[in-house]
Structures are given as C-alpha cells and as structure tokens.
Amino acid sequence: MERLGLGIIIGIGLASLTRITRPAAKRALKLGFVAARAVRLALGERKEQLADLVAEVREEMARDERGAAGRL
C-alpha cells in the first residue's frame, strides 16, 4: 500500500514538474532555432562574399595572363 501512495505522489509531482519544465523547454528550443537560423544566415552571407572575392581574383588573374601574353 505504501508503494501505491508513493507512486501516486511521484506521479502528481512529475505532472507538476512537467507543467513547469515544458514551457521552459519550449522557450529553450525556440531560442535554439532562432540562433541556428541566425548562424545559417550569417554563414550564407559570408559564403556569398567569399564567392564574390574568388570571382574577382580569378578575373584579375585572367587579366594578368592576357597582359603577359600580349607583351611576349
């Protein structure tokens, strides 16, 4: 009988704990999603900037090669 009472108390305690922790867990997940999205956006911008830089360097190298070939 004691175990039944203990089980009921534990069950009620867990239900109460769930009501308290669930909103906190949801907030934490939301913050995690927001942070992950911000990181993805920032990385996307950096990737675009890097691609632009690579294109500029390749263009300059091609221009230098054409100039060197013209001087020969």
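Roughly to the nearest percent, how much of the accessible area of the chain is carbon and sulfur, given a 1.4 Å probe?
Details: 4520 of 6950 Å².
Roughly 65 percent of what the probe reaches on the chain is carbon or sulfur.
Highest GNM mean-square fluctuation among 46, 19, 27, for the chain modelled with Cα contacts below 10 Å: 19. Computed from label points 7 Å out along Cα-Cβ, the spacing between residue 46 and residue 18 is 4.1 nm. Read through the labelled values (1) 5.1; (2) 7.5; (3) 6.5 and report the label of the one computed as mean projected area of the Cα convex hull in nm² from the structure. Only one listed value fits the structure, namely (2).
Note on residue 6/residue 26: beta-carbon distance plugged into 1/(1 + (r/R0)^6) with R0 of 30 Å gives a FRET efficiency of 0.50. The residues of the chain expose, per residue, 97 Å² of accessible area to a 1.4 Å probe.
The values are calculated or read from the model by the stated rules, or taken from the named source; none is laboratory data. Keep in mind it's a predicted model, so treat the numbers as computed, not measured. Neighbour counts run over all protein chains shown; Cβ positions are idealised from the backbone, glycine included. Side chains included, ligands, DNA and RNA excluded: accessible areas come from the protein's heavy atoms. Shrake-Rupley method; radii C 1.70, N 1.55, O 1.52, S 1.80 Å.
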